[in-house]
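Accompanying notes for the structure given below.
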Amino acid sequence: GVLLMAGYDTTGTTMSYILYELALNQDCQETLFEEIETAKNTSDLGYDTLQSLPYLDAVIHETLRKHPIDAFLDRVCSKDYKLSNTNLVLKKGDIIRINNIGISSDPEVFPDPERWNPENFSKESRSQRSPYSFMGFSLGPRNCIAKRFAMLEMKVAVSYFVSAFKILPSDKTNRNVEVDPRSFLGSAKGGLW
């Protein structure tokens with residue numbers, strides 16, 4: 001039960017941001033539509049097919065980068081560790097906080113970080129940066145236990161929405177969305193339209 005509850009709001013929030021970004025980025029929505037329609041013409045949209053759609057994967061990852069659910073990640077230091085080239089020693093038991101938002105919006109890691117750009121997660125772009133530069137589901141042995149389930153859930157929903165509907169912004173759509181400071185999961189202030 002805990003896994004489903006923990007994944008409900010996080011996946012729902014991410015899905016809202018995906019649809020929001022696709023509404024504002026019609027060219028990206030068209031690229032995704034074409035990828036999904038091509039896949040549908042050659043096979044069903046089963047698990048294996050959904051896993052083989054690189055642009056769909058990039059859309060989800062780019063949304064998690066621009067609108068991270070976790071602003072930071074906490075870890076407990078398991079042993080004393082001296083940071084190289086410094087006099088700083090992390091002590092066993094210290095809480096280490098990793099600034100996920102800072103990394104996600106660093107222009108040295110992601111050029112033009114305020115722009116939603118699924119090409120940030122193309123095979124070529126990924127190969128040019130550290131694998132530790134994206135922490136949408138955390139990293140390592142303590143990463144999100146439901147990552148595969150959440151990704152599949154989002155891929156199924158997004159592929160259905162994009163193939164069945166044209167997603168458009170409304171008069172109420174705020175083009176400069178802000179994070180609600182009261183939200184634990186990075187939800188949009190005033191919601192997303």
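Assuming G93 fulfils every condition listed in (1) touching a strand residue (DSSP E or B) at 6+ places or on another chain (Cβ under 8 Å); (2) at negative phi apart from one, which condition is it?
Just one mismatch for G93, condition (2).
For residues that are of a type in the set (D, E) and either in contact with a strand residue (DSSP E or B) (Cβ under 6 Å, 6 or more places away or on another chain) or open to solvent by 40 Å² or more (accessible area, probe 1.4 Å) (or both), tally how many sit in the range 172-193.
1
Answer with yes or no whether S127 is in contact (Cβ under 8 Å) with a residue 40 or more places away in the chain and under 21 Å from L56 (Cβ atoms). It would help to see each step written out before you state the result.
On the way: in contact (Cβ under 8 Å) with a residue 40 or more places away in the chain: no; under 21 Å from L56 (Cβ atoms): yes.
The answer is no for S127.
Which residues, counting only those in the range 149-186, are among the polar types (S, T, N, Q) and not in a loop (DSSP other than H, G, I, E, B)?
Once the filter is applied, which keeps residues that are among the polar types (S, T, N, Q) and not in a loop (DSSP other than H, G, I, E, B), the range 149-186 yields S159, S163.
Restricting attention to the range 34-65, which residues are among the hydrophobic types (A, V, I, L, M, F, W, C) and over 18 Å from E119 (Cβ atoms)? Before you say what the answer is, go through the steps one by one.
First, the residues of the range 34-65 that are among the hydrophobic types (A, V, I, L, M, F, W, C): 36, 39, 45, 50, 53, 56, 58-60, 64.
A39, L45, L50 - these are the residues of the range 34-65 that are among the hydrophobic types (A, V, I, L, M, F, W, C) and over 18 Å from E119 (Cβ atoms).
Do we find a residue being farther than 21 Å from V162 by Cα and either of a type outside the set (S, T, Y) or part of a helix (DSSP H, G or I) (or both) anywhere in the range 61-68?
The answer is yes, given that some residue of the range 61-68 is farther than 21 Å from V162 by Cα and either of a type outside the set (S, T, Y) or part of a helix (DSSP H, G or I) (or both).
Give all pairs with beta carbons closer than 7 Å in which a residue from the range 65-79 that is under 18 Å from I96 (Cβ atoms) meets a residue that is open to solvent by 20 Å² or more (accessible area, probe 1.4 Å) and in a helix (DSSP H, G or I); count only pairs at least 6 apart in sequence or on separate chains.
P68/I101; A71/I101
Could you grab me the full set of residues in the range 81-101 that are touching a residue at least 12 places away in the same chain (Cβ under 8 Å), over 24 Å from C28 (Cβ atoms) and among the aliphatic types (A, V, I, L, M)?
First, pick out the residues of the range 81-101 that are touching a residue at least 12 places away in the same chain (Cβ under 8 Å): 90-101.
From the residues that got through so far, the ones that are over 24 Å from C28 (Cβ atoms) too are 90-99.
The answer is L90, I95, I96, I98.
Taking into account only those residues within the range 43-80 that are modelled with pLDDT under 85 and touching a Lys or Arg at 6+ places or on another chain (Cβ under 6 Å), which is nearest to Q29 (Cα to Cα)?
Filtering the range 43-80 for residues that are modelled with pLDDT under 85 and touching a Lys or Arg at 6+ places or on another chain (Cβ under 6 Å), the one nearest to Q29 (Cα to Cα) comes out as F72.
So, in the range 90-104, exactly how many residues are open to solvent by less than 60 Å² (accessible area, probe 1.4 Å) and either of a type in the set (A, V, I, L, M, F, W, C) or part of a loop (DSSP other than H, G, I, E, B) (or both)?
Number of matching residues: 6.
The values are calculated or read from the model by the stated rules, or taken from the named source; none is laboratory data. Bear in mind that the values here come from a model prediction, so they are computed numbers and not experimental data. Heads up, the Cβs are rebuilt from the backbone with ideal geometry, glycines too, and the neighbour counts pull from every protein chain shown. For accessibility, only protein heavy atoms count, side chains too; no ligands or nucleic acids. Shrake-Rupley method; radii C 1.70, N 1.55, O 1.52, S 1.80 Å.
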